[in-house]
Structures are given as C-alpha cells and as structure tokens.
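Taken together, the values in this text are just the output of simple stated rules run on the coordinates, not laboratory data. Predicted model only: the values in this text are computed from it and were never measured. With ideal geometry, Cβ positions are generated from the backbone for all residues, glycine too; neighbour counts draw on all protein chains shown.
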Ligand code: CDP
Ligand code: MG
C-alpha cells in the first residue's frame, strides 16, 4: 500500500551558518525523500512566534523564536512514504546527545536549541506548516 506523504523540514540557523545545507539535503535524498520545494529565507521574530505558537506557554518559547529568526533558514517540503514519521526518525531526538547514531541531530546538533533541523510531528501539523511557508 502506497502512503506518499509530505512533511515540512527546516534546516535551522546553526546548520545554515555552518554551510551544512547541501550536506543535509543529500542525506534526505539518499534516504529516499524527494525535496518537492525549498527556499532559503529569514523569518521575523513575529513570524517565528506564529510558527511555534503551539509552544507559546513553554519557558523556552522566547529564546526559541529569537533563535529561529536569528539567521537564514532553509524550509523544505519533503515527500516520501510515511514522510512525517520517517523524517522524525532521521532527525533524531530533540536533545542531540540523546539522538540515535545515524540521525541528523546526532551528527550535527550542538545543543537542545541549536539542534540543526525541525520536522513536523504529525500529518495534520505537516499540512499547517507547509501552508505556513508555501501558501501559493
Ligand atoms: O523539534 P522537536 O519537535 O524535536 O521538539 P519540540 O519539543 O517540538 O520543541 C521545539 C524546539 O524547541 C526544539 O527543536 C528545540 O530546539 C527547542 N527546545 C528548547 O530550546 N528547549 C527545550 N527544553 C525544548 C525544546
Ligand atoms: Mg516539535
């Protein structure tokens, strides 16, 4: 049974700053993800707050939004069978030191905040997040 899905991935400022964009894109492609659309942008603090609204009551919310808006990011629509879960698995745990071997966060993540990539956590959120960055 085919279950082609789309998910939103972000290469976060810490990874873009270290010129890891192409390396990380190659990892996604080598794992069978099709990069349907991608663009390098910088979001404002208020756009970051909208994007991370689900976290607005968390103590780390302000720092998180300041960080996401601190420099260029690469936003991508990834497509693959079960893309949402497959991307979460390839990303690894939120804390890089807890991420499994072979995951992107294990390889590139610097800290819980500078953990190199974002990925949608559900099919429903993937749709909302894809719309957020690629409305047209
Ligand atoms: O990104 P992921 O879905 O794995 O984690 P999250 O719980 O949805 O949190 C979103 C982002 O907030 C994380 O990727 C971290 O960069 C950041 N965060 C943080 O800075 N401090 C925490 N205690 C938890 C999350
Ligand atoms: Mg999340």
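State yes or no: is residue 4 buried (at least 16 other Cβ atoms within 10 Å of the Cβ) and either within 15 Å of ligand 2 (Cβ to nearest atom) or touching a residue at least 24 places away in the same chain (Cβ under 8 Å) (or both)? No; evaluated as a whole, the condition is false for this residue.
Please state which one of 45, 25 is more than 16 Å from ligand 2 (Cβ to nearest atom), over 14 Å from the mean Cα position of the chain (by Cα) and either surrounded by 13 or more Cβ atoms within 10 Å (Cβ to Cβ) or touching a residue at least 24 places away in the same chain (Cβ under 8 Å) (or both). Give the steps one after another, and end with the answer.
On the way: 25 fails: over 14 Å from the mean Cα position of the chain (by Cα).
Within the list 45, 25, the selection yields 45.
Taking residues in region 85-105 that are over 24 Å from residue 3 (Cα atoms) and touching a residue at least 60 places away in the same chain (Cβ under 8 Å), and partners anywhere that are away from ligand 2 (no atom under 13 Å from the Cβ) and in a loop (DSSP other than H, G, I, E, B), not one pair has Cβ atoms closer than 9 Å while being at least 6 places apart or on different chains. Only a single criterion out of (1) in a helix (DSSP H, G or I); (2) loosely packed, with under 13 Cβ neighbours inside 10 Å; (3) within 11 Å of ligand 1 (Cβ to nearest atom) is not satisfied by residue 94, namely (1). Each residue in region 55-64 was checked for being over 12 Å from residue 12 (Cα atoms) and surrounded by 16 or more Cβ atoms within 10 Å (Cβ to Cβ), and 1 of them qualify. Restricting attention to region 114-136 and to residues that are in contact with a helix residue (DSSP H, G or I) (Cβ under 6 Å, 6 or more places away or on another chain) and within 13 Å of ligand 2 (Cβ to nearest atom), the residue that is farthest from residue 58 (Cα to Cα) turns out to be 126.
Filtered by the rule that a residue be farther than 14 Å from residue 27 by Cβ and out of contact with any helix residue (DSSP H, G or I) (no Cβ under 6 Å at 6 or more places or on another chain), region 82-99 gives 82, 83, 85, 88, 93, 94, 95, 97, 98.
Only one of 114, 135 is in contact (Cβ under 8 Å) with a residue 40 or more places away in the chain and part of a loop (DSSP other than H, G, I, E, B); which?
Unique residue meeting the criteria: 114.
Considering 67, 108, 52, the condition of being more than 8 Å from ligand 1 (Cβ to nearest atom), under 14 Å from the mean Cα position of the chain (by Cα) and either crowded, with 19+ Cβ neighbours inside 10 Å or more than 16 Å from residue 31 (Cβ to Cβ) (or both) is satisfied by 108 alone.
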